[in-house]
Each structure stands twice: as C-alpha cells, then as structure tokens.
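What follows is one structure encoded as structure tokens, with my remarks underneath.
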Amino acid sequence: MEKLTILCIDDQRDVLAALRKDLESLNEFCRFEFCESADEAEEVLDELDAEVIPLAVIVCDHIMPGKNGVEFLIEFNGDARFEHTRKFLLTGMATHDDTITAINQAQINHYIEKPWEKEQILEVVKILITEFVMSVGMEYQSYLSILHQQTLYKYLRT
Amino acid sequence: MREKLKFVIASALPLIILNIPTEFIPIQGLSIVEHRLIAIFVMALLFWVLEPVPVFATSVFVIFLELIMISDKSFVLFKEAAGTVNFGVVLSYKEIMATFASPIILLFLGGFFLAMAATKYQLDINLARVFLKPFGTKPAFVLLGLMIVTAVFSMFMSNTATTAMMLAIISPVLALFEKGDRGRVAFALGIPFAANIGGIGTPIGTPPNIIAMKYLTGESVISFGTWMCFSVPLVLILLTFAWLLLLVLHKPQTPSINVAIKGKFRKNWQSLIVYVTFTLTILLWLFDFLHGMNSYIVAMIPVTVFSMTKIITTQDLKRINWDVLWLVSGGIALGMGLEKSGLVGHLIESIPFASFHPLFILFLATIITIIMATFMSNTATANLLIPIMAVLATSLPGMAQYGGTRLVVLAVGFACSLAMALPVSTPPNAMAHASGYIETSEMMKAGTIISGVGILGVYTMLFVLKQVGFF
Amino acid sequence: MNKKQNEEGLKRLVATYFSDPAKRLKLEKGDVLLEEGAVNDRLYLVLQGSFIANNENIEDEQQQLFLATKDMFIGVISFFSRSSICVATIVAKEDCEVAFIDHNQRNKAEKEGLSLIEQFMPVVVFDLFQRQQREQQIIFEKEHTLEKLYQAKKLASLGQMAAGIAHELNNAIAVVSRNASWLNEHVGEMFLQENEEAIRFFQMGSETGQSLSSREIRVQAKALQNKYDLDEDAARKLAEINVPSTIKLPPLEQLNDFINRSHRYWELGASFHDLNIAAKHASHVVGSVKALAAGSSGIHNGHVSIQESIDEALTLLSSPLRTISVRLKIRELPDILANKGELVQVWTNLIKNAIDSLKQSGTESPEVYISAKPRATYVSIRFQDNGPGIAKEEQGKIFQPNFTTKEKGLDFGLGLGLTICERIIGNYGGEISVKSRPGKTVFKIKLPL
C-alpha cells in the first residue's frame, strides 16, 4: 500500500503542530508534509510530483505572509498535476468575499473556521481522502479503515 | 516491504517447481506440460492467497503463462521438448483466449447490465423502500426486512454494491442508536451476512456460482430456474437462521426504528424500459424450458436493450467491473488447463482417494473450501478448487451414486459463499467492519456459526435433492 | 445687492436719519431695550456694543432669536409691521449706544420721490438676511458638536463592551495559562521522574518548542533518513526533536524505538510550550483591548511607557499585520504622563491607516516603519509606510472630521479617524503632522515631556 500525502500549510508553527497531533491517527496510511508558507508548499509540490507521491489532501490556512491561502489554492486548482487532490481551507479570519472567492475560483472542497475540533477535522480529512482514493481509482480496500464510510458507499453503489 | 516479500515468495516457489526435473515430482506419468501447469497452479494459489497484486491481475497472469508455456503457439523455448514422449497435450491458444468471452462471462455481464440500469434509474432503492414498508418499525422485523431485501438484491446485483447501498440506508439510523445498544451490531452484521447468503440464490448472484455453472455442463447441466428452485429455499432458511442468531446475540434495545428512504418510482420511458426488461429477463431465465433460449442467450437481452436505448451509455460501460470478469476468466482458463492436460487425472491417481468414502471426500472438500474462502477471495477459491473437484467427482467411482459432479460442484460452490467469519472473508464483511460498529470478535462468532450451519444446510439440501431424485 | 452697495446705503441712511444727537440712547450691560409684547414705534441702529434677542418658544422657554451687533437694526419687525408689538426681548450684552428714529420721522428724501419705506427697505432686508445667515452658522456648528459627541459616545460604549469581553476572556485565559504552566512543571516531576531520558526530551520540548522551521525539518529529515536508513516518519520525528550532538543515539536496531519514545516526550513538552505561548499571546491581546477600553472610559492619567503602548497597538493589529513587515526603532524613552489607552488608540489608528492603504493599493513588499526618539523637551514618534501616499490636495483635509478614503463600515471597531488622534494629541499639548509622497508617508507626533 502506498501512503497518501496530506500537505498542511500554515504560517504558525504551533498550528501545524496541533494539526499534526490531531491527524496522528492517520499515520499508518498517510504521510504528512508541513509548510510555513505558500512558496515553501510549491517547492514541496514539485518534489511530490517528481517522486510521484500521491497528494490526497491540502489543508491550507488563509492569512499568511507572502501569498495568501486563497491565492495559493486558486493557482493550485489550475495545476493539472494534482487534479484529484482535495482542497481544504482552514482559517481563522476570512471575510465573506474571501470565502466566496475560495469556493468559486479555487473550488475548495471544504471550509472550516479555527478553532477546530479534532473529531470534526478528522472526519473532513477522511471524507476528502475517500473522495481522492475513489476518484483516482486506487485500490480502496487497503485504506478501508480510514475511509469515510458514507462517502465510500456512494462510490461503491454503482 | 511486506508487499515485496509476498511477491518474492509467491514467485520463487513456482520458479523452483518449474526448474526441478519432472521425474523428481512424485506423480505417476507426469508430462512436461502438466509439470509446468503445476507451477502455474502453485503460482496462482500463492498469488491469490497472499495477494501481492490484485486478484484479477493474477488471473491475467495465469492466462498469459498458459499461452506462452503450454499452448500450441507457445514461446519457442517452451517448445523445445515438443514431440518427446512425455511432453503431453498442449492447449489451443484460441480456447485459452476465448475464456475472456466465454458464455459464462456473458451471463455475468448480463447481470451487470441489469444491476447498473437498476441503480442508474433508482429501481433498487425504490424497491428497497417498497419491500421494507411491510416490516414496520419494530427493530427485529426491520432487521429481517433489511436482510431479506439485501439477500434478494444480491441475487442480481454484486454483493459489494448491495451492501454499500443497504449500509448507506441504515447508517444514519444506526448513528441514532443509544450508546451500548447491542442492536447496532446486529444490523451492521445482518447486511453483509445477508448479502453473502443471498449471493447463493442465482447463478449470477456471485462469481463462484458462475464458475460452478461452468462445470455443470453436459449431462450435469442445471438451468437458471432449476438453480433457483433449490437455492432460494436454502437462502431463506439460512437467512432466517442468521436473523434469529443475530437477535439472540445482539438484541436491539431501541423500541422502534424508522428507516426513511426518499424517492418515488421514476416514470420516464427509460425507467419503464428498465422495469420491463428487468422483469422480462428474470422471467425468461426462470422459464427457459418454455422458450428454448438458454440463460446465456437471455443474458444478452438486457445487454442489447440497454445499449440500444442508451440506458447504458459509453461512459457507463467503462464502469463495468471488468476485474471480476477477468478474475473469472482466469479461473476458467486454469480449470481448462487442469482438465485438458490431464493433470487432475494424474494427480487423483497418485492419491488414494478411492480408499476414502466419497462423502468423507465431499466433507473434506467443503471444509477446505470454506477455510480458504475465509482468508482469500471467494472467486479465487472457486477458481482453484472447483476444477479439481469437478474432475475428481467424475473419476471417483463411488461418487456417482451420491450425485456425481452436480453434488460436488454445488457443494464447493455454495461453500465459497458461506465463508464470512472475518472482515477479509468478503468485501461486504470488510465494509461492515470498517463502519466501526462491530468488533472482529463479534463478526467471528456470528460468522463462524453461520458458516457451520450453512454447510449443514447445504448438506441437507443436497440430501433432499438426492431423495427427490434430482441427482 | 452686494455688501459694498449695502454699506453705502447704510452710510447714507445713518447720515440722513441717525445723526441727531438727541435721538441717541446709552445703555449699560443688562439693560432692557425692548420687552417682548410691548409696543414699540422706534427703529434702533446699534452704534456700539451688542444686543441679544430672546423670546419665549412654544414650551415657554427662553430661546435666543438673534444677536445684534454694530450697524445692525433692532425693532425692525415692530417698527415696520402695523401692530407695533415687539416679538423679542432685547437685552444689552455690554455697554451700548444706539440711535433711533420713530414713526414721526419726517421723510428727508421727498424731493427724490422716495418714500421712507423705499429708502429703508434694501438696507433692512440685507440686515435680516445677515441675521439669518448668522443663525444658520450657529445651527451648523451645533450639529457638528453633536456629531462629535455621538462619535465619542460610540467609542465609549464600544470601549465598555470591549472591556466586558476582555474581562470575561481574561478569566478563562488566566485559567488556561496558569494551568498550562502548572502542568508543565508538575507533569515532568510526577510522571517522568524515574526516567532521565524522558525528562530530558520533555524539557527540550517545553523550553524551546519546535525551534526548526518546516523547511529545515524537511532538509534535516532527508539527511537523517539517508544517514541512519530510517523510515520517513521516524526521520521527521528525529529532525523535529533536533537532538543536540551531545546526545548519543542508540544503535540502529533500537533507533526506531528510541525515536518514537523520545519524540512522544518531546511532543508532550512542546505542547506545553505552545500552550503557554498561546495563552500569553491571548492574555496580551486581552490586555491591549482593556487598555484601549480604558482610554475611552475616562481613566486617569499616569506614567506611560511609549514603547509599551506601541507594542500593545502592534499586538492588537497582529492579525492584519501578518502580511506586512514591521520595522521598529525605538530608543530609550522616558515615561510620559498620559492615558495609556488613549495613546494605544492613536497608534492603532495610525498603523491601521497604513495597513489599509498598503492593502488597498496592493503595494509590493509592504512595510511599516515605526521610530521614536527623545528630544530635549519632547518625544518624537514617527509612523512611516511605503504605500501610495496621500494626494496633495487631500493632505490638508485628513484631520477634518468626516474625511475618509475608506469604504463605510466599522472595520475592527477601532479606527475612528485622525480627528480623534489629533484631539487626543492636542489634549496632551502635542502636535501631529503629516508628510506624504508616493512610497513614503510619514505621520510625526510630538509629545511634550
């Protein structure tokens, strides 16, 4: 089984650390990349692509120095190398307009406001992983225990 | 790491077998072709058990190896010994390749078309709603209803898709159960068990049935309708038993359950075509003795109708479970090799089967089947065991009086579907286990009991069939 | 009719009708010239001093009708109307002298064919016009004062609300912060005592947290992965711990176990570290909000460190400032006597303006530069940004009320304008000035010591 990558971007180190702890239970099936800026994330994306590592989910903060989260996700949305990757905006303070832009232009799959709850973020990440695995057409059986069941049923019905 | 190790083990052993001199193998009169086939068989066995690659890939590999090693158009290096006394009988490459499109495969394809169209036009979910209604809201009866609906659907749809549909229906309800209500377990187990059991109900219910059908030819032939005549009662009995067992083990405490399914029967012309074709196909399968078309030809009706009416589109076609079809094809090719090369005959001669009582052999075969199917793919188990048992049945002198090929093939075929003790036993089990409502131990307990009782049920059914003169 | 024409007309009238020394009156401050409701048949011209005109409004309250100064007429309405009844009480505001004519006045311009009324009309109308204009001005100023009052009240209630929220939050944060540091001290002591290795990693985590950046960790992890033939996860953990070279790593076969174990201890410590830092940050923000609230709720002056007040303003704005680089150059400054909240409010306003300008213009590599240095008698504080600047013609207006370049909305609830800044600084006897060109806008504040 190939490990799925989850890329977390937030300019605050302590937020990344908190995310890492909350998502720890996925360790057996996932590997994590942590980045403190959008620029750094872009370097990591190039590496992932070069090494053909499947990137399942991006968890991205909105307000960051340099390129902000929504700008990054809009660019990422147009990146053909990661067309199946699910995008997830995790933000402390996004205006109504930012959110609309994120949905319309970056086509984010999920949006959560900080502070988050562990159960909540785990469920969302599982849903997104399931969507990724099924839409790429990976062997879902090997990831069964971390897949979101209801989402999986939808894919398996047909 | 473990994947690689599995791959190495599964490849190394067959290679060793392939490279030891033929004379060293303690089987009387073994030909070179048969020797190679043993290597292929061992390879298939290990690959299917350890699964370093998906099971369908192993099937493709089996077919490929047969083509290059033991066909009439094999690779030049494998033809060097051709013409020598003990080279043996090669297979026709056309026949090997034809396994991809054998009538049995097309019968299954017909089943896929029916299921896809039904799902696409929400026939399945609407039927589920109607069927479930009479069962009310008492949890015990809702469970029975769900199990019956699941079983009936899995007779025509894949067990996996049926389970996915039913779990999707029941999951929101289960989430409302109070913590500590053991009833949740009953529901989460009832659906996969019913799907497994229901698969027995028709020849197209599950791939092992298809493989069994393949060997029920000539004088042993069984029609679609005949199959259902004895398998549906068996399904109902096992289902009732499973229901009672689950109620005893995990009695639901919640006073009532309300399974809400949204929707209405669709009324556009495509839907009507789906309803009519669905009904017609099943009726034609059941009453093949009236119209003369066998079940394979009837299977082409939904394929044709749905294609012509664009109910199944080009895009839909791409979503056919080709892996299941190829898995079965590989099994047929392997069986064909075992049979035509004479390997099974030689094998049986080398083991003193005749000294055992035929019924003991039957018992042994079903036990081996159920153990294998518990740990590996049911279809792969059928692929490996049914061809051998089919030949064994004809060559054992004592077997004929108990029912011969029919008896053995049906027993082994049914046994494949009765393995449900572990999450890895079947995809429905895995899915239900992943729902998080059940412990492996709970599945093991109930699953083992049902497997055991199921085997007894099969024996009883076979006994009854013998009594009524079916064999 | 323009002013000049009117002056000439008035001069002529004065010369013709109001030059008779017999028809003059001298009044002392507080003397009543006319009484509301009394009969009056004279028209007065103010020669010197000023009068105030009051009448009773509908609610029986005295209200000021108009003010009459030199060269203005009094008794216009009663003199020219048929009733001859006064509409207002006219009181001298100071010692005054008036000239008058009465109804018996002979027309001195008969030969020019003009009646008395025709001669007086233009001048009197203009007089009334001026009178009205002046009233308008007073009303306008009054409204303006009200508006200012309203703004101040809004700020005050916002301040009270902020103070309330801050108080509530403060209690919660105090609990978080105190318990975090308590746990930090005692977890190590109680659970890890026996295990020297555990204690060491726990302390490494709790002292520094994760000191390496994610990029450094990635590079480190790759190097470690190659060096020790570790799996990816273990390599990352080892890199995160950032084990100093003094610690000897165990042999390879125990390395994975060692890493997992020590990473757990380290992570436990690092969690406390993060928790403490976050609690501190939160209480700092709350403190700043409280200080700001204090500014608008009338708490008295005290010794204030300018450095601290600027720090608090920066904390309050830390969120919008995340995308902007802030340069600080603050020399050793003496404390000044002021209200800290008010100062924070001024700094917040100035910095917020800079942020808004930088963001609205999308300036590349935006920067805010704050410097402060002491002078002999005052402290000079500069707020500089590299935004597009303020247009020349607008620079004079920015301290005026109602001037804004921003869209409406109570953004962040703090920026209530440069007017308030100016008022606050002015109250301390300081001054605020602005210099701006594209790429460099400086607000300079001088506060007396």
query: Can you give the average number of partner chain beta-carbon atoms within 10 Å of each beta-carbon in peptide B:161-170, as a whole number?
result: 4
Longest segment of chain C lacking GluC sites (Glu not before Pro) that sit in a DSSP loop with at most 10 other Cβ atoms within 10 Å: C:195-331
message: Under 5 Å between amide hydrogens, which residues at least 5 positions from C:Val87 or on another chain qualify, with H placed 1.01 Å from N in the peptide plane?
response: C:Gly37, C:Ser78
query: Under a straight-distance cross-link criterion of Cα-Cα below 18 Å, which lysines are reachable from B:Lys264, leaving out those fewer than 8 residues away in the same chain?
result: B:Lys120, B:Lys133
- prompt: If you take the C-alpha gyration tensor of chain B, multiply each eigenvalue by 5 and take the square root, what semi-axes do you get, largest first, in whole Å?
  reply: 39, 25, 22
statement: From DSSP H assignment alone, runs of 4+ in chain C each adding -39500 (n - 2.57), the sum over residues rounded to the nearest 500 puts [θ] at 222 nm at -17500 deg cm²/dmol
- prompt: In whole Å, how far is the Cα centre of the stretch A:1-75 from that of the stretch C:105-140?
  reply: 84 Å
message: Whole-Hz ³J(HN,Hα) for each residue in the stretch C:239-245, computed from phi via Karplus 6.51 cos²θ - 1.76 cosθ + 1.60 with θ = phi - 60°, x for glycine and proline: what do you get?
response: 5, 4, 5, 6, 4, x, 5
field: ³J(HN,Hα) computed for each position of the stretch B:270-281 - Karplus, 6.51 cos²θ - 1.76 cosθ + 1.60, integer Hz, glycine/proline x
entry: 4, 4, 4, 4, 4, 4, 5, 5, 4, 5, 4, 4
Chain B: angle of helix B:295-308 to the longest principal axis, Cα-based, in degrees nearest 10: 60 degrees
- request: Subtracting the Cα-Cα distance from 0.36 nm times the residue separation, let me have the gained length for C:Asp31 to C:Thr16 in nm, one decimal.
  value: 2.7 nm
message: So, R0 is 45 Å and r is the distance between the beta-carbons of C:Ile117 and C:Glu143; what FRET efficiency does that work out to, to 0.05?
response: 0.75
query: How far is helix C:116-191 tilted off the main Cα axis of chain C, in degrees rounded to 10, range 0 to 90?
result: 20 degrees
- request: Give me a single rounded figure for C:165-174: the average over its residues of other chain Cβ atoms within 10 Å of their Cβ.
  value: 0
- line: By the Kirkwood definition, with r running over pairs of different Cα atoms, the protein assembly as shown has a hydrodynamic radius in Å of 38.2 Å
- prompt: Exactly which trypsin sites (Lys or Arg not before Pro) in the stretch A:1-73 are in a DSSP loop and have at most 10 other Cβ atoms within 10 Å?
  reply: none
task: Please go through the stretch B:155-264 and write out the trypsin sites (Lys or Arg not before Pro) that DSSP classes as loop and that have at most 11 other C-beta atoms within 10 Å.
output: B:Lys179, B:Lys262, B:Lys264
message: At 222 nm, what value in deg cm²/dmol follows for chain B if DSSP H runs of at least 4 each add -39500 (n - 2.57) and the sum is divided by all its residues, to the nearest 500?
response: -22500 deg cm²/dmol
query: Excluding B:Ala446 itself, what net charge comes from residues whose Cβ is under 15 Å from its Cβ, given Lys and Arg +1 and Asp and Glu -1?
result: +2
message: Averaged across A:20-31, how many Cβ atoms of other chains sit within 10 Å of each residue's Cβ atom?
response: 1
task: Return the loop-located GluC sites (Glu not before Pro) in the stretch A:109-158 (DSSP other than H, G, I, E, B) with at most 15 other Cβ atoms within 10 Å of their own Cβ; answer none if there are none.
output: A:Glu117, A:Glu139
message: Just to compare against my own numbers: the Cα pair-distance distribution for the stretch A:4-157, 5 Å bins, whole % per bin, please.
response: 2, 9, 20, 24, 22, 15, 6, 2, 0
statement: Checking C:Ala163, C:Ala376, C:Ala198 against a Gaussian network model of chain C (alpha-carbon springs below 10 Å), the top fluctuating residue turns out to be C:Ala376
Burial ranking of peptide ranges B:309-320, B:125-136 (average Cβ count within 10 Å, highest at the top): B:125-136, B:309-320
message: Explain nothing, just the number: relative contact order of the stretch A:30-80, from Cα pairs under 8 Å at least 6 residues apart, as a whole percent.
response: 36 percent
query: Can you list residues whose amide H is under 5 Å from C:Leu317's amide H, if they're 5+ apart or on another chain and H is modeled 1.01 Å from N?
result: none
- request: Under a cut-off of 24 Å between alpha-carbon atoms, report the lysines in cross-link reach of B:Lys4, not counting same-chain residues fewer than 8 places apart.
  value: A:Lys3, C:Lys222, C:Lys227
message: Cross-link candidates for A:Lys118: which lysines have Cα within less than 19 Å, leaving aside residues fewer than 8 places away along the same chain?
response: A:Lys21, A:Lys87, A:Lys126
For chain C, built as a Gaussian network whose Cα springs stay under 10 Å, the top-fluctuating residue of C:Leu67, C:Leu358, C:Leu268: C:Leu67
statement: Reduced to Cα centres, the span from the stretch C:172-233 to the stretch C:353-398 in Å works out to 42 Å
- line: Sequence order, the stretch B:397-406: Karplus ³J(HN,Hα) from phi using 6.51 cos²θ - 1.76 cosθ + 1.60, θ = phi - 60°, Hz rounded, Gly and Pro as x, gives x, x, 6, 4, 5, 9, x, x, 3, 3
- prompt: Two-decimal Rg/Rh of the stretch C:227-356 from alpha-carbon positions, Kirkwood Rh?
  reply: 1.24
- prompt: What is the Cα centroid distance between the stretch B:70-122 and the stretch B:358-379, reported in whole angstrom?
  reply: 25 Å
query: Which far-off residues, 5 or more places away or on another chain, put their amide H under 5 Å from the one on A:Glu33, with H placed in the peptide plane?
result: A:Ile6, A:Leu7, A:Cys8
task: Please build a GNM for chain C, connecting alpha carbons under 10 Å apart, and tell me which residue among C:His103, C:His284, C:His303 fluctuates the most.
output: C:His103
message: Take the residue pairs C:Lys142/C:Lys444; C:Lys148/C:Lys446; A:Lys67/A:Lys114 and return only those whose Cα atoms are more than 22 Å apart.
response: C:Lys142/C:Lys444; C:Lys148/C:Lys446
Between 0 and 90°, nearest 10: helix C:252-296 axis offset from chain C longest Cα axis: 10 degrees
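Every number here is computed from the coordinates shown, using simple stated rules; none is lab data. Every value quoted in this text rests on a predicted model; they were computed, and no experiment measured them. Positions of Cβ are backbone-derived with ideal geometry, glycine not excepted, and every protein chain shown enters the neighbour counts.
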